[in-house]
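Every read-out reported here was derived from the displayed coordinates using simple, explicitly stated rules and does not represent laboratory data. Not measured: the values here are computed from a predicted model. So basically every Cβ, Gly included, is an ideal-geometry build from the backbone, and we count neighbours across all protein chains shown.
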Amino acid sequence: MLQPGRVGMWSMETPFPRAMLVLIAVLVGLSGPCAARGQPNFIVILADDVGWGDLGANWAETKETPHLDELAAEGTRFVDFHSAASTCSPSRASLLTGRLGARNGVTHNFAISSVGGLPLNESTLAEVLRHAGYSTAAIGKWHLGHHGHHHPSFRGFDYYFGIPYSNDMGCTDSPGYNVPPCPPCPRPGVAARVTRKDCYTEVALPLFENVSIVQQPVELGSLAARYMEQAAWFIRRASDSGRPFFLYLALAHMHVPLQLPQPPPGPGSSIYGAALSQMDALVGQIKLLADSHGKGNTLLWFTGDNGPWAQKCELAGRPGPFVGAWQRQRGGSSAKQTTWEGGHRVPALAYWPGHVPAKRTSHALLSTLDIFPTLVALAGAALPPNRRFDGLDVSPVLFGHSDVGHKVLLHPNSGAAGKDGGIEALRLAQYKAFYTTGGAMACDGSIGPAQQHQPPLIFNLDRDVQEQEPLDVASREYQAVLPAISRAYTQALQDLATDNISVADYSRDPSVIPCCEPGRESCRCALLTAPCPRAPPCPGLSASHSSSSSFP
């Protein structure tokens with residue numbers, strides 16, 4: 001069992017003498033009410049491939065989320081909340097930068113052999129908060145580059161524990177539940193099974209602590225428990241230090257393969273439901289931790305990275321009423337990877353006793369893009385200069401003083417149709433406009449063809465959350481709203497074209513694939529909890545920044 005206490009958390013040399021840090025803290029305290037001793041703690045929990053309807057508080061048919069439902073009852077539920085993209089890497093990059101992929105350069109997913117990641121000139125939320133005096137940790141899935149300085153240990157996080165990309169991007173000894181089923185990692189002397197293109201079989205999924213691989217292949221069945229263990233350790237240590245903390249907890253749930261300690265009990269139960277219950281219990285434990293280490297001074301924000309992966313059939317989540325009926329009639333999925341509501345409308349809850357109102361439902365149009373500027377403002381910090389942000393400081397909405405969010409919200413293409421990262425769908429008030437539509441692969445194998453729309457396809461979501469019937473172009477309503485949509489779209493494209501734009505490196509090189517022991521089949525570690533050999537260091541990572549490093 002990994003012993004988290006072996007990492008020296010507080011002994012790294014700081015760039016300023018202690019007296020100088022105290023002086024800075026005093027000066028910052030004079031400049032703003034949220035700074036210094038008043039700075040709140042932040043816990044951002046990001047669920048993977050979770051559906052809007054996977055929350056019982058959102059969808060009455062869901063019964064597996066009592067802890068999340070309690071969180072909703074004791075905090076605020078946001079029902080018109082959207083991921084910044086509808087696939088993994090772009091969504092996460094936008095959350096951590098407050099900028100769409102069209103600005104930060106991350107427009108599609110990184111691979112296990114990706115050389116690059118989130119561009120190094122982009123400032124992450126962790127970097128800004130650490131500069132403001134926070135202890136920072138990322139636990140869980142990263143998927144923003146693992147090679148060299150793209151690794152989370154170099155992107156503002158004092159501590160990292162997790163997998164570098166999705167939990168289906170590498171073989172494991174216990175493959176779990178997937179569609180199609182995947183074989184376990186090969187072992188020496190055992191006849192190789194027929195491989196399937198849907199499954200990774202050559203390289204095992206690694207588990208990192210800071211920059212060292214501590215298990216390969218990772219034991220997925222115990223991963224949730226280990227995440228909880230590391231989160232508890234970090235929160236305790238950060239609380240004991242007296243410094244504010246930022247924990248970014250990016251869960252493996254509800255991405256396939258789904259892992260369960262045992263098969264779901266009883267007739268009528270589902271694998272997905274059992275896994276959802278497991279995630280719910282983990283969130284409940286995090287809430288208890290937050291309450292026991294600074295209740296009233298910790299903001300907990302739960303949301304998802306994108307909608308359900310419908311291609312995975314019974315192992316996919318529930319979009320609730322956001323079914324994208326227009327697209328379904330033409331084939332393909334209208335969930336993950338698409339710009340239909342089911343692809344990017346995600347559950348979202350905020351919990352902060354004494355600050356965020358309880359038993360409140362907000363209909364404000366919000367996004368994961370807003371997490372960055374909101375937390376920066378609450379920390380009394382400043383946004384990075386020389387760039388524009390797509391997110392807003394939504395503190396007034398968070399505290400119940402307002403229910404007004406974005407006037408315009410852009411939805412980038414995320415793999416189903418159009419150029420990756422291209423802005424060809426947008427929201428203006430209750431209206432949703434599509435310049436390009438398309439469906440991702442559905443459970444039945446169908447893929448909805450990409451279609452261009454000029455003039456755009458427009459839905460009134462107040463009357464048609466299922467996106468079933470677009471407005472008649474000849475109708476008075478369509479003609480009344482089209483000029484405003486056209487202006488908003490043109491202005492958005494002009495704004496993007498004149499911004500400080502980053503470009504991500506999507507090149508690949510097999511030598512950067514994380515591998516604990518290249519000489520062993522599937523990069524299998526000799527011991528399940530043995531660290532990556534120090535000579536030579538793990539490919540693409542600095543030997544001087546190992547898991548034995550301490551941090552402030």
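Comparing 278, 207, 364 along the charge dipole axis of the chain, the residue lying farthest to the positive side is 207, per the Cβ-charge model. Spin-label model, residue 198 to residue 453: label points 7 Å out along the Cα-to-beta-carbon direction sit 3.0 nm apart. Between residue 332 and 442, 446, 447, 448, the built amide H atoms are under 5 Å apart, and every one of these is 5 or more places off in sequence or on another chain. The relative contact order of the chain, computed from alpha carbon pairs under 8 Å that lie at least 6 residues apart in sequence, is 25 percent.
Using θ = phi - 60° in the Karplus curve 6.51 cos²θ - 1.76 cosθ + 1.60, the 3J(HN,Hα) couplings for segment 444-455 round to 7, x, 6, 10, x, x, 6, 9, 8, 10, 9, x Hz; x is entered for Gly and Pro.
Please work out how much length the chain gains when fully extended from residue 295 to residue 361, using 0.36 nm per residue of separation minus the C-alpha to C-alpha distance, in nm with one decimal. Could the numbers behind the result be given before it?
Details: separation 66, 0.36 × 66 = 23.76 nm, distance 2.17 nm.
The span from residue 295 to residue 361 would gain 21.6 nm if fully extended.
A compact globular protein would have a Cα radius of gyration near 2.2 N^0.38 Å; the ratio found for segment 91-196 is 1.30.
Dipole orientation for the chain: of the candidates 389, 309, 246, 246 has the Cα lying most toward the positive pole (charges on Cβ; Lys, Arg +1; Asp, Glu -1).
What does the charge count near residue 76 come to, summing +1 for each Lys or Arg and -1 for each Asp or Glu among other residues with Cβ under 9 Å from its Cβ? All intermediate terms of the calculation are to be shown ahead of the outcome.
Values: positive: 77, 359, 360; negative: none.
The answer is +3.
Count Lys and Arg as plus one, Asp and Glu as minus one, and take only other residues whose Cβ is under 9 Å from that of residue 341; the net charge is then +1.
Work out, step by step, the length gained on full extension between residue 225 and residue 503: first 0.36 nm times the residue separation, then minus their alpha carbon distance; give nm to one decimal.
Here the segment from residue 225 to residue 503 would lengthen by 96.4 nm.
Can you give the % of DSSP beta bridges in the chain that are antiparallel, to the nearest 5? Spell out each step's value before the answer.
Numbers: 31 of 58 bridges.
Antiparallel: roughly 55 percent of the beta bridges in the chain.
Sort segment 185-338 into rounded, prolate or oblate with this rule: let a ≥ b ≥ c be the square roots of the eigenvalues of the Cα gyration tensor; rounded if a/c is under 1.5, and if a/c is not under 1.5, prolate when a/b is larger than b/c, oblate otherwise. The shape class here is oblate.
With each label modelled as a point 7 angstrom along the Cα→C-beta vector, the residue 178-residue 486 pair spans 4.9 nm.
Across segment 159-173, computed HN-Hα scalar couplings (Karplus, 6.51 cos²θ - 1.76 cosθ + 1.60, θ = phi - 60°) run 9, 9, 8, x, 9, x, 7, 5, 6, 9, 9, x, 6, 9, 6 Hz from first to last residue, x flagging Gly and Pro.
Amide H to amide H, with H built 1.01 Å from N, residue 140 comes under 5 Å of 161, 162, 163, 250, counting only residues 5 or more places away or on other chains.
Neighbours of residue 430 by Cβ distance under 13 Å: Lys/Arg scored +1, Asp/Glu scored -1, total -2. For the pair residue 131 and residue 313 in one chain, pulling the backbone fully straight at 0.36 nm per residue adds 61.1 nm over the alpha carbon distance. Membrane-span-like helices in the chain, defined purely by DSSP H runs whose alpha carbon atoms cover 30 Å or more axially and whose average Kyte-Doolittle hydropathy reaches -0.5, are 271-292, 476-497. Quick one: in the chain, what % of C-alpha pairs are over 33 Å apart? It works out to 39 percent of all Cα pairs. A cut-off of 5 Å between modelled amide H atoms, ignoring neighbours fewer than 5 places along the same chain, links residue 41 with 245, 298, 299.
Descending by average beta-carbon neighbour count within 10 Å, the peptides 497-503, 401-407, 422-428 line up as 422-428, 401-407, 497-503, the highest first. Remark: the chain carries a charge dipole of roughly 700 debye about the Cα centre, counting +1 on each Lys and Arg Cβ and -1 on each Asp and Glu Cβ. The charge dipole of segment 299-431, taken about its Cα centre with unit charges on the Cβ atoms of Lys, Arg (+1), Asp and Glu (-1) only, comes to about 240 debye.
Taking a point 7 Å from the Cα of residue 472 along the Cα-to-Cβ direction, none of the residues of segment 422-449 has its backbone N closer than 12 Å to it.
In percent, rounded to a whole number, the relative contact order of segment 235-325 is 27, using alpha-carbon pairs under 8 Å and six or more apart.
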